[in-house]
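The numbers here are math on the coordinates, done by the rules we state, and not lab data. As the structure is a prediction and not an experimental result, all values here were calculated from the model. Here the Cβ positions follow ideal geometry from the backbone for every residue, glycine too, while neighbour counts run over all protein chains shown.
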Amino acid sequence: MSRSLKTRTNKEEEMMIKVKLLAHTDADPLVLASHAAKVCYQSEMPEFGKLLDVKKRLFDVGHHTTLQHTYFTFAIEGISVGDITLGMHLAHPFYNSDQRSGRYCAKMFEEPDFVEIEKYVRQFWPQVKGEQRKKVMRYVRNAVAMYNKNIVAAREKSKVFLKAERPYVNEGYIEQNSPKIAQEQTRMFIPVIFPTAFDYTINLTALVAMYESAWTPAMRYVTEKMVEAVLEKFPELSFMFNPEKRRRDEWALELPKKSSIKISKKPKLKLLNIIGEKDFSMPESKDMHPVDHLHFKPEYMDNSFGAILTEIELSLATMGQDQRHRTIGRSKPRFTGNFYLPPILTSMGLQKDAIGLMEEWIKISREIPATLAMIIAPYGAMVKYRKRGSFNAVAHEQGKRLCWCAQEEIYQACKLLRKAAIEKSKGKNSKLLKMLEPPCYRTGRCAEGNRYCGRDMKLRKRGDYFPERKV
């Protein structure tokens, strides 16, 4: 193990991000890779346990599928939301991840630890000192003050909208869900530097690539701790992790260049292209829920060739939701300078508050490192990027996000694909529309069981089943 990987100073022990190896494939990685390699070149199944020179014969020459039979699961706590959305989840799809919810975990925003947040800034951006750091923290405190000032009224608005939109929910549902929905929408004021937690599973070569590619200070720290945890268990893998190959420079999203902020009350979507429509095969409901078979059945292979290309602009909060769909490819995002104001906040007349917050963020961003600037962006800061999804990938996405248990903004984005893009360009009778629907549309039964949203399913036969939503 290199000196930089095994040396732990007292300062490092105090870092707020905690990385713990929870689980791993229960076979020695080198033994597993050796067996996988031998299977390829022997006429009989090789004996398990005999080693190849994995470094020379597999790793150094790039025969890396043999190394991808080994997986590790990490519990990571204390990392910022921004360093997940704009770091750990941003570029590659070779992971599984489950993250603390911004809807269900009230303490994330109601009881912030400003000391810990400032510690995060101090430890990962030590060059930000004195008045600069004070400005950052004043901005963070101002954002939290906006949240706290409006959250109670937002809960009451949420109750009103729930009753209006969902005729079949009872008072218990409203009392339980109105605080969650209010938090989900009011968090648009909160900077994404707020700490969170997630379980994260990746294979061995994905860990190597992440370790070498990490582009922010927090990502560099997290990936180093992940590697340390793995090498503590499997020191024989140290040859794969060379500190000299780590990325030296940093990368950040393009920050807003304009000072005039626009408030957006809806996400935006533009249809760029549809490829291979003539080969589209309509999926059956039983092949989509509860287990999605679309990427597994040969009958739907042509759907993996056909694709829908779009350009989308939505909030940083909903970009994090959008990343859950890892079979969809995305271009590099950039901040547009606009702010997404959800229906509850719009109804409360908080446009000026949102503009003021954005102006403060943009002003501070010009004075600090770009990697810090992007993770103090508010959840409501909007980003734009292109998406490319196969028909199978889009069908899976739409089935999840046109459900009313999905948050309001991502529902609106998916509705735009259905109504403003496909229906407008292909007509109301397009067969593509049949894959852009939640499970309840075709079956008349809620797929969420006890979490039934309360929407009026009679609208399936009476007219528009995809109305505007406020909650």
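So the values come out like this:
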| read-out | value |
| --- | --- |
| Those trypsin sites (Lys or Arg not before Pro) in the range 32-97 that DSSP places in a loop and that have at most 16 other beta carbons within 10 Å | K50 |
| Inter-site label distance for K434 and M137 at 7 Å from Cα along Cβ, in nm | 6.1 nm |
| Cα convex hull of the range 97-152 - mean projected area over all directions, nm² | 5.0 nm² |
| Cleavage-rule hits, trypsin sites (Lys or Arg not before Pro), the range 274-341, DSSP coil, Cβ neighbours within 10 Å at most 15 | R324, R326 |
| Cα-only radius of gyration and Dmax that characterise the chain, units Å | 23.9, 72 |
| Lysines with Cα under 17 Å of K262, excluding same-chain neighbours fewer than 8 positions away | K352, K363, K384 |
| Long-range amide H partners of E254 with built H, under 5 Å | F335 |
| Contour excess over end-to-end distance, with Cα ends at K233 and V152 and 0.36 nm allotted per residue | 24.3 nm |
| FRET efficiency estimate (nearest 0.05) - Cβ-Cβ, E44 to R386, R0 41 angstrom | 0.25 |
| K225, K426 arranged by Cβ crowding within 10 Å, fewest neighbours leading | K426, K225 |
| ³J(HN,Hα) computed for each position of the range 162-178 - Karplus, 6.51 cos²θ - 1.76 cosθ + 1.60, integer Hz, glycine/proline x | 4, 4, 6, 8, 10, x, 10, 9, 9, 4, x, 4, 5, 5, 6, 9, 4 |
| The range 226-310 - percent relative contact order, Cα under 8 Å, separation 6 or more | 30 percent |
| Per DSSP, loop GluC sites (Glu not before Pro) in the range 42-135 with at most 14 further Cβ within 10 Å | E44, E47 |
| Other-chain or far-sequence residues with amide H under 5 Å of S264's (modelled H) | F339, Y340, L341 |
| Solvent-free Debye scattering, log10 I(q)/I(0), computed from the Cα coordinates of the range 329-471 at q = 0.18 Å⁻¹ | -1.12 |
| Residue order, fewest to most surrounding Cβ atoms within 10 angstrom, among S430, S425, S390 | S425, S430, S390 |
| Unsatisfied cross-links (Cα-Cα over 28 Å) in the set K270/K428; K129/K266; K419/K461 | K129/K266 |
| Calculated from backbone phi, Karplus (6.51, -1.76, 1.60) coupling profile of the range 235-242 in Hz, x at Gly/Pro | x, 5, 8, 4, 5, 7, 10, 9 |
| Along each principal axis, Cα extent of the range 137-218, largest first, Å | 51, 36, 16 |
| Over the chain, relative contact order from alpha-carbon pairs under 8 Å, at least 6 apart, % | 19 percent |
| Label point distance in nm, K265-S347, each placed 7 Å from Cα along Cα→Cβ | 1.3 nm |
| Spatially proximal lysines relative to K286 (Cα-Cα < 19 Å; intrachain offsets below 8 disregarded) | K297, K400, K431, K434 |
| Along the chain, longest interval not containing exposed chymotrypsin sites (Phe, Trp or Tyr not before Pro), exposed being DSSP loop plus at most 16 other Cβ atoms within 10 Å | 297-471 |
| Cα-based equivalent ellipsoid, the range 305-408: semi-axes from gyration tensor eigenvalues, Å | 28, 18, 10 |
| The range 316-471, relative contact order in percent, only Cα pairs under 8 angstrom and at least six apart counted | 27 percent |
| Label-to-label distance, nm, for residues given as F94 and L459 (7 Å Cα→Cβ offset) | 4.3 nm |
| I190 long-range amide H proximity, modeled H, under 5 Å | Y379, G380 |
| Efficiency of FRET between R366 and R246 - r from beta-carbon atoms, R0 30 angstrom, step 0.05 | 0.60 |
| Per-residue HN-Hα couplings for the range 318-326 [Karplus 6.51, -1.76, 1.60; θ = phi - 60°; Hz; x = Gly/Pro] | 7, 4, x, 5, 4, 5, 4, 9, 8 |
